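The values are calculated or read from the model by the stated rules, or taken from the named source; none is laboratory data. Computed from a predicted structure; not experimentally measured. Neighbour counts run over all protein chains shown; Cβ positions are idealised from the backbone, glycine included. These area figures cover heavy atoms from the full protein model, side chains too; ligands, DNA and RNA do not enter into them. Shrake-Rupley method; radii C 1.70, N 1.55, O 1.52, S 1.80 Å.
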Amino acid sequence: MAQALQGFYGVGQGEEKYMISLIAIVIEFFIVIAVALAAVLLNTIDGRGFLASVLVGLAIIYGGGLQWFIVVAVFFILGVVFTLYRYGYKKTLGGAQEKGGARNWPNILANGGMTSFFAVVNFLYPGPVLGALFLGAVSASAADTAATEIGLLSRSRPRLITNLTKVVAPGTSGGVSYLGFVGAGFSSVAIGAIALLLGVPPGGLLVVPLCLFAGLAGAVFDSLLGATVQRAGFCKICLKPTEALRHCGEPTKVTTGAGFIENNLVNLLATGAGAAASLGALLLTSAAG
Ligand SMILES: [Zn+2]
């Protein structure tokens, strides 16, 4: 599959090669639009989410190529499946994504911002370092989504990561469960397996443990921030506890954490932690090898 994708690009010479690149650019543009449109039709993103997805998608497909884009598409599909799995039950817990799990644009930039940035840099300096950073960020996003969505189904109540004797309500930021941890591990390995199949740099079997390590590191970092500095509060209108900046059309009241550190910023920082963990692991293994 990796060879087939590479064959899609660098074939031909001179003008012929130029034409093929041009055709690839146009085809890739329509792939991104088609995937984002499908996401709108499946009600997983809203209108502005569509624009944000197209920007993120174009950055990834032009900067990282079709391989990177497929990895991100797999992350997105996993996220949708995990979110919609037993959605009704999760909604009764109050921890489910609102609006049928539809992602809005801040959510897409939180999950895709770091990966798009790495894709743009990869366009200039392609290689194993950018590949490792990219896979680390995607694995952290995938792990965090699964930890949240699968963790909500845990039969045992989640416990606070900074004080494991303290039981918290499902959906509380900083709350962790074994099931959430298993979900995080599963989806990071799934990202690693796709990366292995497609030959995404740094390539080889190494990408699977790299993704697993980065995914778990990102999810743990996300929970640590969630338990310490992330904003928590309640809605002044309906009085429900919420971590959102706005609820019922009004700004929410902060009770704990820093006012500006909300869930999307925490997600973005967690993808950075995943990328750093992945790069650290790559450097360690290359130093050892
Ligand atoms: Zn409200």
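May I ask you to list the residues in region 222-236 that are within 16 Å of the ligand (Cβ to nearest atom) and closer than 30 Å to Leu135 by Cβ?
Within region 222-236, Arg231 is the sole residue that qualifies.
Determine whether Ala227 is modelled with pLDDT under 95, part of a helix (DSSP H, G or I) and open to solvent by 70 Å² or more (accessible area, probe 1.4 Å).
Answer is no for this residue.
Please pick out the residue among Ala219, Ala287, Ala273, Ala193 that is away from the ligand (no atom under 16 Å from the Cβ) and out of contact with any helix residue (DSSP H, G or I) (no Cβ under 8 Å at 6 or more places or on another chain).
Ala287
I need the full set of residues from region 256-270 which are more than 14 Å from the chain's Cα centre (by Cα) and either closer than 30 Å to Asn122 by Cα or within 16 Å of the ligand (Cβ to nearest atom) (or both), in order please.
Those that are more than 14 Å from the chain's Cα centre (by Cα) and either closer than 30 Å to Asn122 by Cα or within 16 Å of the ligand (Cβ to nearest atom) (or both): Ile261, Glu262.
Among the residues of region 237-255, is there at least one that is more than 15 Å from the ligand (Cβ to nearest atom), open to solvent by 20 Å² or more (accessible area, probe 1.4 Å) and either of a type outside the set (Val, Ile, Thr) or within 17 Å of Ile161 (Cβ to Cβ) (or both)?
Among the residues of region 237-255, not one is more than 15 Å from the ligand (Cβ to nearest atom), open to solvent by 20 Å² or more (accessible area, probe 1.4 Å) and either of a type outside the set (Val, Ile, Thr) or within 17 Å of Ile161 (Cβ to Cβ) (or both), which makes the answer no.
For Gly57, are the conditions met, namely being of a type outside the set (Val, Ile, Thr), at pLDDT 95 or above, part of a helix (DSSP H, G or I) and within 30 Å of Val182 (Cβ to Cβ)?
When the stated conditions are applied, Gly57 passes them.
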